[in-house]
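Below is one structure, written out as structure tokens; the observations come after it.
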Amino acid sequence: QAQLVESGGGLVQAGGSLRLSCAASGRPFSGYVMGWFRQAPGREHEFVARITWTGGSIVYADSVKGRFTISRDKAKNTVYLQMNSLKPEDTAVYYCAAGVAFTAVPGQYNYWGQGTQVTVSS
């Protein structure tokens, strides 16, 4: 059974950095698109970044462009989200997801992790 497990969240001051990891297991993810989404209290899932498993295509939300970097390690079956220059508005639960469509629409992703909390203090 496919499983995505996020880690690396925590509490950080504004301007700080965190690196989130998403370990994928249970099925081959080659050919899949790996996405990061976030959800703040009372809000919908928000697209953050996505990457093809080959790494050939990457897209970022405008709100994180230039601050966040998505990458993947095929040998470790792991996707990363390096987050720099964090802002209080980045506070949310961050989710890793896998799907077959190269899209920012959460409903198009088939597999989801349990989420990891990121809190940025001002």
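The values are calculated or read from the model by the stated rules, or taken from the named source; none is laboratory data. Keep in mind that this is a model prediction, so the values were computed, not measured. Don't worry about glycine lacking a Cβ; one is built from the backbone with ideal geometry, like all the others, and counts go over all protein chains shown. Quick note on the areas: whole protein, heavy atoms, side chains included, nothing else; ligands and nucleic acids left out. Shrake-Rupley method; radii C 1.70, N 1.55, O 1.52, S 1.80 Å.
Annotations
Conditions (1) surrounded by 14 or more Cβ atoms within 10 Å (Cβ to Cβ); (2) not aliphatic (A, V, I, L, M), marked per residue:
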| position | (1), (2) |
| --- | --- |
| 11 | no, no |
| 22 | yes, yes |
| 33 | yes, no |
| 83 | yes, no |
| 96 | yes, yes |
| 103 | yes, yes |
| 116 | yes, yes |
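- Any hit, the stretch 29-51, residues being modelled with pLDDT of 95 or more, under 15 Å from residue 110 (Cα atoms), among the small types (Gly, Ala, Ser) and in contact with a strand residue (DSSP E or B) (Cβ under 6 Å, 6 or more places away or on another chain): yes
- Enumeration of residues in the stretch 61-70 that are open to solvent by 50 Å² or more (accessible area, probe 1.4 Å) and at negative phi: 62, 63, 65, 69
- 3 or more residues free of Cβ contacts under 8 Å to residues at least 24 places away in the same chain: qualifying strands (runs of 3 or more DSSP E) within the stretch 1-120: 68-73
- Here residue 17 does not qualify as surrounded by 14 or more Cβ atoms within 10 Å (Cβ to Cβ) and modelled with pLDDT of 95 or more.
- Within the stretch 35-48, considering residues that are open to solvent by less than 60 Å² (accessible area, probe 1.4 Å) and of a type in the set (Gly, Ala, Ser), the one nearest to residue 59 (Cα to Cα): 35
- Residue 122 being over 13 Å from residue 9 (Cβ atoms), in contact with a helix residue (DSSP H, G or I) (Cβ under 7 Å, 6 or more places away or on another chain) and surrounded by fewer than 17 Cβ atoms within 10 Å (Cβ to Cβ): yes
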